[in-house]
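Since the structure comes first, as structure tokens, the remarks are kept for the end.
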Amino acid sequence: MNAADPIIKIRHINKYFGSFKALDDVSLDVAVGEKVVVLGPSGSGKSTLLRTINRLETISSGSIIVDGHDLYDPDEDINRIRMELGMVFQNFNLFRHKTVLENLTLAPIKLKKMDRGMAEEMAYELLDKVGIRDRANHYPIQLSGGQQQRVAIARALAMEPKIMLFDEPTSALDPEMIGEVLEVMITLAREGMTMVVVTHEMGFAREVADQVVFMDGGAIVEEASPDSFFDHPVHARTRLFLDQIL
Amino acid sequence: MSDQEKKIEIGDGAAIPDPEDKGLISAWWIALVGTVSLLIILPLLKPDPYARILSFVPDGILVTFKVTIASISLALVIGLLTGLGRLSKNRFINLIASLYVEIVRGVPLLVQLFYIYFALGRIVRVPDIVAAVIAMAFCYGAYMGEVFRAGIKSIDHGQTEASLSLGFNRRQTMAYVVLPQAWRTILPPVGNEFIALLKDTSLVSILAVADILRRGREYASESFNYFETYTMIALIYLLITLVLSRLIANMEHRLSHYERR
């Protein structure tokens, strides 16, 4: 694989929930270090698309290749591929029975056989990075939503993934907590992380995205740089969407 | 209340006291004080037969405990496997587990005890107490399976997804993420089943196992003190279940530490 090859290659994927077509012939490339923001009305299939990238959602047809690994090749180990893909969920999904520190160290210790001391050292560094070191020994339920989401980002980073997937990371947050989470994501973007972000945060899309993808009815309607997407949308549906939310 | 705080209610054991309830005037305290008082006062006032019953029965308490602990241990293993089987996407495993639960639920425990005891006797010679334990575990394993199934299902699917997304496989996810959390939901009904099982072990007295009830019956049939004997037996069972229910409540309280803000 040469450096110019996209790290995520999605080719003509379709996905049905029963007879409902959730994804309709979607193709997308994400280059190393690229930040792709996926926008669209609810039910447009954007979360479903994101979740196919680490196979939390399976596809009905098409192919997805992540870092050279075909997600549907029976010889590939999906669990290994998932280690390369950090994921952040709308509802944080922190392990409720583990402290913040344990949330970060569980996977490195069990999956990478890292020794506890090293894992904790790395966990503290990550907690510093997301600004929440002082809560290391708290349980998730004792944290605010914004804090939980920052821990969730740190937990994903603890596996040192090559790609980070964000599934509406700020949608479940109170407005005053959205900023602190976006800040962490912007820092991550500046550091060169490859990111695919499903969000409704237009400011974030404009500031961070290299490529904006607009979905509607399970299909990609428009793909553009943020400037041309927001300033000169081509498709009528894109314009309608932007009119409604801006 | 969030989804994860839902409790599974299965009520055939004993009332589990609320660990937050520190008041002295609770049903639990009244029952405990009453039971202990009667167990002390009756033998003092009327040593014959009460004190004699008390000296005759304790061998049986040990047997009851042995049968209970062995049965519950085996039932927990069967229950975990059954619960996982009932949740399995593998049709065959699912069918076997469901069939087992259906059969056990539809046949009275006493009939199952007789059946397994005599069926087992045709195949292998095992001590009576072992046959009794197998029969009890076979029955309670099915109930335990339903408890495990409900407990596992009560854990938010997001926990599983988060675990999978980190690279854990399904088995690791179950072991590190789902079961440790499910255990807290499962413990109250398991405690309940434990107490129910302890009481139901009185049924094994008909299988020539010398438990509390069997010892009591032996004493009563020799002395003809039926009323006094069964009074003492009832009090002994009550004392045991009262103490156990409090222990379980405390354990439950300790396990819930991560739910407290």
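The values are calculated or read from the model by the stated rules, or taken from the named source; none is laboratory data. All figures in this text were calculated on a predicted structure; none of them were measured in a lab. Neighbour counts run over all protein chains shown; Cβ positions are idealised from the backbone, glycine included. Accessible surface areas use protein heavy atoms only, side chains included; no ligands, DNA or RNA. Shrake-Rupley method; radii C 1.70, N 1.55, O 1.52, S 1.80 Å.
Okay, here's what the table says:
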item	result
Too-long pairs where the Cα-Cα distance tops 28 Å, listed order kept, from A:K21/A:K112; A:K98/A:K162; A:K15/A:K162; A:K9/A:K46; A:K35/A:K129	A:K21/A:K112
Helix B:47-56 axis, angle to chain B major axis (alpha carbon atoms, nearest 10°)	40
Theoretical gain in end-to-end length, A:L240 to A:S144 [0.36 nm per residue, Cα-Cα removed]	31.1 nm
Centroid-to-centroid separation of region A:105-123 and region B:115-139 [C-alpha atoms, Å]	48
Scattering curve values for region B:113-164, log₁₀ I(q)/I(0), Debye with Cα scatterers, q = 0.18, 0.25 Å⁻¹	-0.64, -0.89
Whole-number accessible area per residue in Å² for region B:3-260, which is evaluated in the context of all protein chains at 1.4 Å	50
Projected label distance in nm at B:V130 and B:A51, using a 7 Å step from Cα toward the beta-carbon	4.1
Alpha-carbon centroid distance for the pair region B:31-60 / region A:212-246, whole angstrom	83
Highest average packing first - A:88-95, B:56-63, Cβ atoms within 10 Å	A:88-95, B:56-63
Rounded FRET efficiency, nearest 0.05, which uses the C-beta distance separating A:D75 from A:K112 and R0 of 22 Å	0.50
Diffusion coefficient, µm² s⁻¹, Stokes-Einstein with Kirkwood Rh over alpha-carbon pairs of region A:145-246 at 10 °C and 1.306 mPa s	109
Alpha-carbon centroids, region A:193-211 and region B:181-220: separation in whole Å	61
Mean shadow area of region A:1-142 over all directions, Cα convex hull, nm²	11.0
Relative compactness, chain A, computed as alpha-carbon Rg over 2.2 N^0.38 Å	1.01
Share of pairwise Cα separations in region B:52-97, more than 16 Å, in percent	57
Counting DSSP beta bridges with both ends in chain A, the antiparallel % (nearest 5)	55
Longest to shortest principal axis, alpha-carbon extents of the protein assembly as shown, angstrom	100, 51, 45
Chains A and B together, accessible area buried on both sides, 1.4 angstrom probe, square angstrom	2200
Convex hull volume of region A:1-55 per residue (C-alpha atoms, cubic angstrom)	85
Stokes-Einstein translational diffusion, region B:31-158 - Kirkwood Rh over all Cα pairs, 1.567 mPa s, 4 °C, in µm²/s	75
Where GluC sites (Glu not before Pro) in DSSP loops with at most 16 other Cβ within 10 Å are excluded, longest remaining stretch of chain B	B:21-261
Helix runs (DSSP H) in chain A reaching 15 Å along axis by Cα, Kyte-Doolittle at least -0.5	A:100-111, A:145-157, A:175-190
Degrees separating the helix B:157-166 axis from the principal Cα axis of chain B, which is the longest one	60
Probe 1.4 Å - accessible area at A:L157, Å² to nearest ten	20
Whichever lysines have a C-alpha closer than 19 Å to that of B:K89, once near sequence neighbours (fewer than 8 apart) are set aside	B:K153
Accessible area of region A:1-63 divided out per residue, in Å², using a probe of 1.4 angstrom	41
Stokes-Einstein translational diffusion, chain B - Kirkwood Rh over all Cα pairs, 0.890 mPa s, 25 °C, in µm²/s	120
Percent accessible area from carbon and sulfur atoms, the protein assembly as shown, protein chains only, probe 1.4 Å	57
